[in-house]
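To start, the structure under review is shown below, and the notes come after it.
The values are calculated or read from the model by the stated rules, or taken from the named source; none is laboratory data. Quantities reported herein were computed from a predicted structural model and do not represent experimental measurements. Neighbour counts are summed over all protein chains in view; Cβ atoms, including those assigned to glycine, are modelled from backbone coordinates with ideal geometry. For accessibility, only protein heavy atoms count, side chains too; no ligands or nucleic acids. Shrake-Rupley method; radii C 1.70, N 1.55, O 1.52, S 1.80 Å.
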Amino acid sequence: MQSIKRYWKTYILGGILLLVLFVMAETGFQVRAFAQERYADLQNFSKVLNLIQQYYVEETDTKKLVYGAIKGMLRELDPHTNFMPPDIFKDFETETSGEFGGLGIEISNQNGILTIISPIEDAPAWQAGIKAGDKVIAIDGNSTKGMSLVEASSFMRGKKGSKIVLRVVRENEEKPRDITITRGVVKIKSVKYTDMGDGFAYVRITSFIENTGKDLETAIANHMKNNKGQINGLLLDLRRNPGGLLDQAVKVSDMFLKEGVIVSTIGRNKAEKEVAMATKKGKYQNVPLVILVNEYTASASEIVSGALQDNKRALIVGQRTFGKGSVQSVIKLGDGSGLKLTVARYYTPSGVSIQAEGIHPDVEIEDIDPEVFAKSIQKQQSTREGDIAGHLKGDKEKAAEKLDVKKGAEEGALAWWKDVGSKKDEKLSPRDNILKKDYQAYQAFSYLKAWNTMKGLTR
């Protein structure tokens, strides 16, 4: 009986060993086959390069050929994966510090067309009249068809004071327009603050660079210092913000959260998930917060919007955001060149991918020309009790007569728009100067002031 048991044990162990050896052999065969296939492909590349070097009609630059091959390979991937030669990579490294040379625009490749996501405020492109959404079809007469983002960037860079002409197609315009831009040093001030009165603050974040989180804290601290230690509400404007540094988006989100997930990233290996959590050290966890977004709100600014929306911490108003939800890693290569490689996707705290979807606002507010809006507001002409001759006067009407207030004094939006519309810009307060020219900001600020009636949305 013992011998039979030993026999079966030996038989089973032998079978397992044979199975393991078979699997290893099969795996080894697959690895070898993959390696051979890759080696064959590299052999083809090496042969083509060798043939060009030996027989092409003119002398060739080997490095230029290799760089061109790398660029061609990356065109098979997404538009945010790019190769940067040493000179371009050096410029790229300086951009997140807040000062660099060039035009001051964020561009993207949309359906094969170079499109302006956002011109940086006060930068040369902004001053020349470039607008978000402009489609660049030529640079100094060179067609941008098939041009990569890196190639476009290299065309746009140049010496301070030199000029460049962008031919752009703008929505609702039949003909393209040529816009001449004088290159300059772009200095980014990513946080712009305005005191809106009554304890309310307006902050526009133009991009997420190295000191954005710190500068936002400083702006809020200064506001509280000038308002007896209080902040009754914050309107955070992320429109036309193309994004920037992930760590700064996390820091900004963390300032307003008590707890919870801020953002998660998932790469090729779905089991490896990186999660950024709130630190519970946020200084402004209870400040009423409204975030204003539009179709050019992208990347890091979408992370902030998604984190504060999903955690029921802010009301998001405006238009659906851009939908740039991919993560790029920047690798410096041995010769000083660089590779910007898409390695993961961003997910909001609720597990929704931002990529190509964007953030949907809680309240949609279309971008309307404020002058058109002001003209469209019509005082109702219907007859009410107070318009009838000899009517019995109400208490408010009697009080108004005592104060010599004009009969039928207008209230609400109509009165406000008529009041600011009659003043020159230089005579307007900083608050009214913003709201007069910006219908979306006007509406968003109205929601912020009505915060107490919307508590159910923000818990």
**Request:** Select from the range 218-231 the residues that are open to solvent by 70 Å² or more (accessible area, probe 1.4 Å) and not in a helix (DSSP H, G or I) and write down the one among them that is nearest to GLN443 (Cα to Cα).
**Result:** GLN230
**Prompt:** If a residue has to be in a loop (DSSP other than H, G, I, E, B), open to solvent by 20 Å² or more (accessible area, probe 1.4 Å) and among the hydrophobic types (A, V, I, L, M, F, W, C) to count, how many in the range 253-310 make the cut?
**Reply:** 1
**Message:** For the structure I just gave you, tell me whether GLU37 is open to solvent by 100 Å² or more (accessible area, probe 1.4 Å), out of contact with any helix residue (DSSP H, G or I) (no Cβ under 7 Å at 6 or more places or on another chain) and outside any helix (DSSP H, G or I).
**Reply:** no
**Request:** Check off (1) in a loop (DSSP other than H, G, I, E, B); (2) crowded, with 17+ Cβ neighbours inside 10 Å for LYS340 and give me the number that stays unchecked.
**Result:** (1)
**Message:** Step by step: first the residues of the range 311-337, then only those that are open to solvent by 50 Å² or more (accessible area, probe 1.4 Å) and among the charged types (D, E, K, R), then the one that is farthest from LEU149 (Cα to Cα). Which residue is that?
**Reply:** LYS312
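Given the residues LEU17, LEU65, LEU42, LEU49, which is the only one that is hydrophobic (A, V, I, L, M, F, W, C), at pLDDT below 75 and assigned to a helix (DSSP H, G or I)?
Answer to the check: LEU17.
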**Prompt:** Looking at ILE354, is it crowded, with 20+ Cβ neighbours inside 10 Å and at pLDDT below 95?
**Reply:** yes
**Request:** Being open to solvent by less than 50 Å² (accessible area, probe 1.4 Å), in contact with a strand residue (DSSP E or B) (Cβ under 7 Å, 6 or more places away or on another chain) and assigned to a helix (DSSP H, G or I) is the filter here, so list the residues in the range 68-89 that pass it.
**Result:** ILE70, LEU74, PHE89
**Number of the exception - GLN30 against (1) in a helix (DSSP H, G or I); (2) modelled with pLDDT of 90 or more; (3) of a type in the set (S, T, N, Q)** = (2)
**Request:** Would you check which residues across the range 244-267 are more than 17 Å from the chain's Cα centre (by Cα) and free of Cβ contacts under 8 Å to residues at least 60 places away in the same chain and list them?
**Result:** ASP254, MET255, PHE256, LEU257, LYS258, GLU259
**Fill in**
Counting only helices (runs of 4 or more DSSP H) entirely within the range 419-459, those with at least 1 residues that are of a type outside the set (A, V, I, L, M) and modelled with pLDDT under 85 are 455-458
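ASP362 - would you say it is modelled with pLDDT of 95 or more and closer than 30 Å to ASN111 by Cα?
Numbers: modelled with pLDDT of 95 or more: yes; closer than 30 Å to ASN111 by Cα: yes.
Yes: the conditions hold for ASP362.
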**Request:** Spot the failing condition for PRO242; the list is (1) touching a helix residue (DSSP H, G or I) at 6+ places or on another chain (Cβ under 9 Å); (2) surrounded by fewer than 24 Cβ atoms within 10 Å (Cβ to Cβ); (3) not in a helix (DSSP H, G or I), and only one is missed.
**Result:** (2)
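Go through the range 251-294 and count every residue that is under 12 Å from TYR347 (Cβ atoms) and hydroxyl-bearing (Ser, Thr, Tyr). If you could, list the steps in order and put the result at the bottom.
Let us first name the residues in the range 251-294 that are under 12 Å from TYR347 (Cβ atoms), namely 261-267, 270, 273-276.
Adding the requirement that they be hydroxyl-bearing (Ser, Thr, Tyr) leaves 264-265.
Number of matching residues: 2.
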**Message:** Looking at the range 123-140, can you tell me whether even one residue there is under 30 Å from SER429 (Cβ atoms) and either touching a helix residue (DSSP H, G or I) at 6+ places or on another chain (Cβ under 7 Å) or polar (S, T, N, Q) (or both)?
**Reply:** yes
